[in-house]
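The values are calculated or read from the model by the stated rules, or taken from the named source; none is laboratory data. Everything quoted here is computed from the prediction, not taken from an experiment. Please note: Cβ atoms are built from the backbone with ideal geometry, for glycine as well, and neighbour counts cover all protein chains shown. We work out accessible area using only protein heavy atoms, side chains counted, and drop any ligands, DNA or RNA first. Shrake-Rupley method; radii C 1.70, N 1.55, O 1.52, S 1.80 Å.
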Amino acid sequence: SGNGGGKKKKSGSSHKDDDNDDESSAKTLGNVDINSIYLGASPNIVFDLNVFSAFFRKVRKTFGHVVPAPDLVHSAIWVGNDKDANDNSVGAIFVYGRYFNKKNSPTYLEQDGAKAYVMTLKQFKERYPSINPMKLKAKNNMKLLDFINKIKESGNWGVKDYNWPTNNCQHFTAKLIDILGATRDAPNNDDWVELPKQVLNSLEKNEKN
């Protein structure tokens, strides 16, 4: 996103970088077993929500469910082959947004929209700083390329299909959680303060089963 004002935006909507197409496709990691999963959230594209997130989190804790859930954050899933992933572990991030495939990049699952590309867990934490990345466990043992195929079959994730109320990054993240059968490693009663409703619903559904 090489506009001149790029520098000062850095702290804000950091994940505009998701649109830069210079990454390596997740497929380059091969059909490895998925042994670790993290859920992350970052401020949304349109607003600089880091300030708001912190503020609303306090308000929600004080006043409970009156304040809307954090559905404006941008959510994503990181998966890796290392069983005990650390900052240097290399894995793949899965993210959906209005990303136009300007350079015919192989990172896209289809022509545009949803992407899966290589990054370390440390990079994921830096790019999705709204919450501490949340460790998830998967009931379904999956390999990376099989997971990618299942995601493609699971819905329409192109730019033209992107729709804020009904088909956005939260729905995409929730669908990935469904496919993995993912549950929270350490469920917390305050997670509704942090997590978009769609995403939390999927986790809770898997935890009940």
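Among the aliphatic types (A, V, I, L, M), in a helix (DSSP H, G or I), open to solvent by 20 Å² or more (accessible area, probe 1.4 Å) and within 17 Å of Ser75 (Cα to Cα): is that true of Ile151 in this structure? Considered against the rule, which asks whether it is among the aliphatic types (A, V, I, L, M), in a helix (DSSP H, G or I), open to solvent by 20 Å² or more (accessible area, probe 1.4 Å) and within 17 Å of Ser75 (Cα to Cα), Ile151 comes out as no. For region 18-38, which positions are more than 11 Å from Gly80 (Cβ to Cβ) and not in a helix (DSSP H, G or I)? Across region 18-38, the qualifying residues are Asn20, Asp21, Asp22, Glu23, Ser24, Ser25, Gly30, Asn31. Of all residue pairs spaced 6 or more apart or on separate chains, those with beta-carbon atoms under 6 Å, a first member in region 80-100 that is charged (D, E, K, R) and a second member that is at pLDDT 95 or above and assigned to a loop (DSSP other than H, G, I, E, B) are Asp82/Ser89; Lys83/Asn35. Among the residues of region 21-72, those that are at pLDDT 85 or above, over 22 Å from Met134 (Cα atoms) and not acidic (Asp, Glu) comprise Ser24, Ser25, Lys27, Thr28, Leu29, Gly30, Asn31.
For region 184-208, a residue qualifies if it is loosely packed, with under 13 Cβ neighbours inside 10 Å and in contact (Cβ under 8 Å) with a residue 60 or more places away in the chain, and exactly one does: Asp190. The number of residues in region 91-147 being within 19 Å of Val199 (Cα to Cα), open to solvent by 40 Å² or more (accessible area, probe 1.4 Å) and of a type in the set (Phe, Trp, Tyr) comes to 0.
Each row is one residue, and each column tells you yes or no for (1) farther than 19 Å from Leu39 by Cβ; (2) modelled with pLDDT under 95.
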residue: Val95; (1), (2): no, no
residue: Val118; (1), (2): no, no
residue: Asn132; (1), (2): no, yes
residue: Lys152; (1), (2): yes, no
residue: Glu207; (1), (2): no, no
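Residues in region 161-183 that are touching a residue at least 24 places away in the same chain (Cβ under 8 Å) and open to solvent by 10 Å² or more (accessible area, probe 1.4 Å) were compared, and the one that is farthest from Val95 (Cα to Cα) is Thr183. The residues on offer are Asn104, Asn81, Asn88, and the sole one that is polar (S, T, N, Q), modelled with pLDDT under 95 and farther than 19 Å from Trp164 by Cα is Asn104.
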